[in-house]
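Read through the structure below, which is laid out as structure tokens, and then see the notes.
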Amino acid sequence: LMLVQVCIRTLKIPISETLSKLRATPLNFTRFANLYQLQSALLTNAKLKSIPQLYSMPSNSMNAFAIGTDNASAIVFTQAMLNRLDTREIGGVLAHEIAHIKNHDLILMNISNALWRFTHNLCQLAQVLVLLMIPLIFFGILQMSLSSLLFLFFAPFLAILIHLALSRTREFEADRVASELSGDPKGLAMALKKLD
């Protein structure tokens, strides 16, 4: 029950709150008219329920990400990305982020992150309890198997490895879907090369 509550709380964080913390502002429609036209074409191909809002945030690193859910989402570009990539490359990145929304990756990764945090916190609590029980184990009053102790130690590492593997898989799938949506895999490839 607690795990379900953590997942629901994670999914209910309003987009506006996150955007405010990031100091993100809506992209100027006049200045980025080409990007908005490209978004319209991509959304027609993606058949999304809602239109993701486009934002920029101050940062010197080149990055972009999608936040929210299928029903209400936003795509955020850093200023560095908008300044250093051309329209074709930004279009490839935009297609990639739209692919994440289309594939329901935002919800999936939020749940995966909540599960990892839950596992990590639960194992930390269990490790503290084991430390408190050392005198009982030492005097033979309480017995604990070695496999249980190993599980408590390695479970957080396994959870983060699963989370990272899922993230990597979803990134590759978003690249594939973005290529289909845009019909221009080279634009995304050029952007990824610059990001690398």
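The values are calculated or read from the model by the stated rules, or taken from the named source; none is laboratory data. No experiment lies behind these values; they were computed from the predicted model shown. For neighbour counting, all protein chains shown are included, and Cβ atoms are generated from backbone atoms with ideal geometry for every residue, glycine included. In case anyone asks, the SASA skips ligands and DNA or RNA and just uses the protein heavy atoms, side chains included. Shrake-Rupley method; radii C 1.70, N 1.55, O 1.52, S 1.80 Å.
Once the other residues with Cβ under 9 Å from the Cβ of D70 are scored (Lys, Arg +1; Asp, Glu -1), what is the net sum? Kindly include the intermediate steps, with their values, before the conclusion.
Numbers: positive: K49, K102; negative: none.
Charge balance in the 9 Å sphere: +2.
Mind putting a number on the dipole of segment 60-145 about its Cα centre? Charges go on the C-beta only, +1 for Lys and Arg and -1 for Asp and Glu, and I need it in Debye to the nearest 20.
On the way: 4 positive and 5 negative charges, 33 e Å.
Charge dipole of segment 60-145: 160 debye, to the nearest 20.
Name the residues whose placed amide hydrogens come within less than 5 Å of the amide hydrogen of A24, ignoring near sequence neighbours (fewer than 5 apart) on the same chain.
Placed amide hydrogens put nothing under 5 Å from A24.
So with the 1.4 Å probe, I'd like the accessible area per residue for segment 62-114, rounded to whole Å². List each step's numbers first, then the result.
Values: 1730 Å² over 53 residues.
Here the residues of segment 62-114 average 33 Å² of exposed surface.
Pairs of Cα atoms under 8 Å, at least six residues apart: use those to get the relative contact order of segment 108-196, whole percent. Walk me through the numbers before you get to the answer.
On the way: 29 pairs, mean separation 31.3, N = 89.
About 35 percent, as a whole number.
Which residue fluctuates most in the GNM of the chain (Cα springs below 10 Å): L106, L142, L164?
Of the options given, L142 has the highest mean-square fluctuation.
Each residue of segment 101-113 in turn: what ³J(HN,Hα) in whole Hz from Karplus with 6.51, -1.76, 1.60 and θ = phi - 60°, glycine and Pro shown as x?
With coefficients 6.51, -1.76 and 1.60, one gets 5, 4, 7, 6, 5, 4, 5, 4, 6, 5, 5, 4, 5 Hz.
Report T30's accessible area, 1.4 Å probe, all protein chains in place, as a number in Å² to the nearest 10.
That residue has around 120 Å² of solvent-accessible surface.
In whole angstrom, note down how far apart the Cα centers of segment 160-193 and segment 55-79 are.
The two parts, judged by their Cα centres, are 16 Å apart.
Taking only Cα atoms and a 10 Å spring cutoff, compute GNM fluctuations for the chain and point out the largest among S182, S73, S50.
So, out of S182, S73, S50, the one fluctuating most is S50.
Let's see if you can work this out: charge +1 on each Lys and Arg Cβ, -1 on each Asp and Glu Cβ, no other charges. What is the dipole magnitude of the chain about its Cα centre, in debye to the nearest 20? Don't jump to the answer; show the numbers that get you there.
Numbers: 17 positive and 12 negative charges, 54 e Å.
My answer is approximately 260 debye.
As a check on your grasp of the helix formula, calculate [θ] at 222 nm for the chain: sum -39500 (n - 2.57) over DSSP H runs of n ≥ 4, divide by the residue count, round to the nearest 500. Can you show the working numbers first?
On the way: 9 runs with 135 residues, N = 196.
Helix-only estimate at 222 nm: -22500 deg cm²/dmol.
List every residue whose amide H lies under 5 Å from the amide H of L54, counting only residues 5 or more places away in sequence or on a different chain, with H placed 1.01 Å from N in the peptide plane.
L27, I75
Do you know the relative contact order of the chain, to the nearest whole percent, from alpha carbon pairs under 8 angstrom that are 6+ apart? Mind dumping the intermediate values first?
Values: 236 pairs, mean separation 48.3, N = 196.
Computed value for the chain: 25 percent relative contact order.
Size of the dipole of segment 85-196 about the Cα centre, Lys and Arg at +1 and Asp and Glu at -1 on the beta carbon, nothing else charged, in debye to 20? All intermediate terms of the calculation are to be shown ahead of the outcome.
Numbers: 9 positive and 10 negative charges, 47 e Å.
It comes to approximately 220 debye.
Calculate one ³J(HN,Hα) per residue across segment 120-136 by plugging θ = phi - 60° into the Karplus curve 6.51 cos²θ - 1.76 cosθ + 1.60, and present them in order as whole Hz with x for glycine and proline.
4, 5, 5, 5, 4, 4, 5, 5, 5, 4, 4, 4, 5, 8, 4, x, 5
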